Every structure is written in structure tokens, then in C-alpha cells.
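Please treat every number below as a calculation from the coordinates, not as lab data. Just so it is clear, the model here is predicted, and its values are computed rather than measured. Every residue, glycine among them, receives a Cβ derived from its backbone with ideal geometry; neighbour counts consider all protein chains shown.
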Amino acid sequence: MVRVLLSRSSPFATLSCGAFLAATLCLAALQGARAQQLEPRTYSNQPIGLNFLLATYQYSWGDVISDPSLPIKNADAKVNAVALGYSRVLDFWGQSGTLAVVLPYAWVSANGQVEGQAESVERSGLGDTGLRLSVNLLGAPALSLSEFRDYRQDTIVGISLFVTAPTGQYDSTKLINIGTNRWSFRPEVGVSKALGQWVLEGAASVTFYTANNEFLGNNVRQQEPVYAVQVHAIYNFNPKLWGALDWTYYFGGRTSVNGTLDEDLQSNTRWGATLGQSLDAHNSIKVYLNSGVVVRTGTNFSTVGLTWQHQWGGGL
């Protein structure tokens, strides 16, 4: 998933989108957040052998932990989260790709009404581990650092698989948890087109969930797939600075407990903005924000974050 744009004038000009993997995974540990990720620069090219170390801080507020199958009304939460990630650029049959892993940790403070009574809760702990394999199929050949200096993007087509493992903190007796106690699998296909200083990206995905067999005791909670599309308009101001406007729409995800369906079908829209700045050949930073635009069911929250990235290897 990690991406970096190189140019003749500044070979390590922009923050890779792998930083956004770390950022979005801070919330991936919280229920319902995976399909809402806004990830600009996911499908691009970079030299083979590069390594990336990522550190992210993220703050979210609002209906972050809303789950319509829970007896919680008027929920409001504040989430402070950090994440560490690592990614490496690999050669997949002559095309570039990446393998990434991210581990988040979150502090949650929430309040709401449970069966008519005002309640508040605080949680902290490790979130679910995230893994992502991304492979470009067209337009992003596997190149060494020296070869990459002459590369110019046209159209790139790629695929990816994002998996979360149930490694996060989970207590089956609690309504609110950091971890989800289930696996998720999100295959995605994406296209990126360069138009001068602009890059237009689009991606479509579907997220599948395994059952949580320890929901509030020994109840079985299941969730139908969530379908999502996202679009990004990215502008390269100069070789070291870029910005993006981001948009996503997702729907589906109806849940059931012990076979009884809940009235929680999602059909929501979110927007975001991202700004990346290269500091030197090895370090970059990125700031971002995103929020709900149209929210039909739950997850009406806002997020701001900051990511630092360090890169090495591949002849750098």
C-alpha cells in the first residue's frame, strides 16, 4: 500500500499513501470504521526494495463507536489513537506492489444512554492488526531506483487485499471494545490516471466479515458485506508538496444477533482533504481530515491526523 512519487528534480518528493494506511487503521479497530477509509495515492509506482516506517497520531470525535445493534442512544465519543506501520516495495511478476502491516493503539472515552440511563466509559488497548497486499497490474513496472528516475505515470490499474486480524483488546461482557473479535477481508480494485500536475484516482471494494461468537456473552453477531467506492483528485503543487480532495460512498453492512436482523443498513457519504510535504530524502509528514456528509445510520464522526514517514533501502 505504501506509495511514493519520485521526480527528476526531487527523487523523494512526497509522503507515501502507506502513511494513510497507518492513519486509517487507528480507527479500523473500532466497529464499523473499515469501509469509511479515504486513501489517496493508493495505486502508484515506487522503486523496488524501498522500506517505510510509519508513525501516526489521530483524533476522532462524534458517533465513532455507534453500532445500531447495541442498546446505546445519543452516543458521543472521543478517540485518541496511534499506529506504527511497516511496508516494503516488492516485485510481482514485473510489476510493483507492496506488503504492509500496521498495529494501532487507542484510548476511547464515550458517553450515551443505555436503556434510558446516562452512562460513560473509558477504554484503552491494542487494536486489531492490519495487513495489506497491493499489486499493480498495469502501468507500474518494477524498477530500480536509477531506472525509476525516468519513469512517468500514465494510467495504473491495481488490486489489493486488506485484512484485519482479531488481535485487539476485547471483553465479551462489555458493550464497548477496542477490538472487534472477528476477521475482515477487503478486496479492492483501483485506477489512477495522471493528467499533468493532477492525478485522478478511483477504487471500488467490498468488505467481508466473519462472525463474532462472543458478542455480549455467547451471542453470535454477524454483519453483511459493506460495498464502497472512493474518488480522489490529487494536485502536485511542486515536487515536494501535494494535496488531495477525497470522497467515499459506502452501503450495506446490516447486522444480526443470533439470526435476528437489525434495522441498521448503511448508506453513507464522507469527504476528506489531505496535504503531504517532503522534508528530505528520508522523511515526510502528512496532515489530513475527514468527516461525514450524509449519514443514514451511525458513524457520524470527524477525524484529524498527522503522520510521519521514514524511508530507506532500495539504493536510497
Discussion item. How big is region 80-158 along each principal axis, measuring the range of its Cα positions in Å and listing the largest first?
Written reply: 63, 22, 20
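Mind counting lysine pairs for me in region 18-313? Cα separation below 29 Å, and the two need to be 8 or more apart along the chain or on different chains.
Counting lysine pairs in region 18-313 gives 6.
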Practice prompt. Step through the residues of region 215-224 one at a time and calculate ³J(HN,Hα) from phi using the Karplus curve (6.51 cos²θ - 1.76 cosθ + 1.60, θ = phi - 60°), rounding each to whole Hz and writing x for Gly and Pro.
Written response: 7, 6, x, 10, 6, 10, 10, 10, 9, 6
Worksheet, complete the sentence: The base-10 log of I(q)/I(0) that the Debye equation returns for region 208-316 at q = 0.12, 0.13, 0.14, 0.16 Å⁻¹, one scatterer per C-alpha, is -0.64, -0.70, -0.76, -0.86
Practice prompt. Compute the FRET efficiency between A281 and W198 as 1/(1 + (r/R0)^6), taking r as their Cβ-Cβ distance and R0 = 22 Å, and round to the nearest 0.05.
Written response: 0.30
Worksheet, complete the sentence: If each K or R counts +1 and each D or E counts -1, the residues other than W61 whose Cβ falls under 11 Å of its Cβ total -1
Response to the item:
quick shape note, region 129-258: Cα extents on principal axes in Å, largest first -> 58, 29, 26
Worksheet item: Which net charge results when you count Lys and Arg as +1 and Asp and Glu as -1 among the other residues whose beta-carbon is under 10 Å from that of I234?
Response: -1
Worksheet item: Rg and Dmax of region 76-124 over Cα atoms: what are they, in angstrom?
Response: 19.4, 60
Worksheet item: Taking N as the number of residues in region 18-313, what is its alpha-carbon radius of gyration divided by 2.2 N^0.38 Å?
Response: 1.00
Item to complete: Tabulate in residue order the Karplus-calculated ³J(HN,Hα) for region 44-51, using 6.51 cos²θ - 1.76 cosθ + 1.60 with θ = phi - 60°, rounded to whole Hz; enter x for Gly and Pro.
Response: 8, 10, 7, x, 5, x, 5, 10
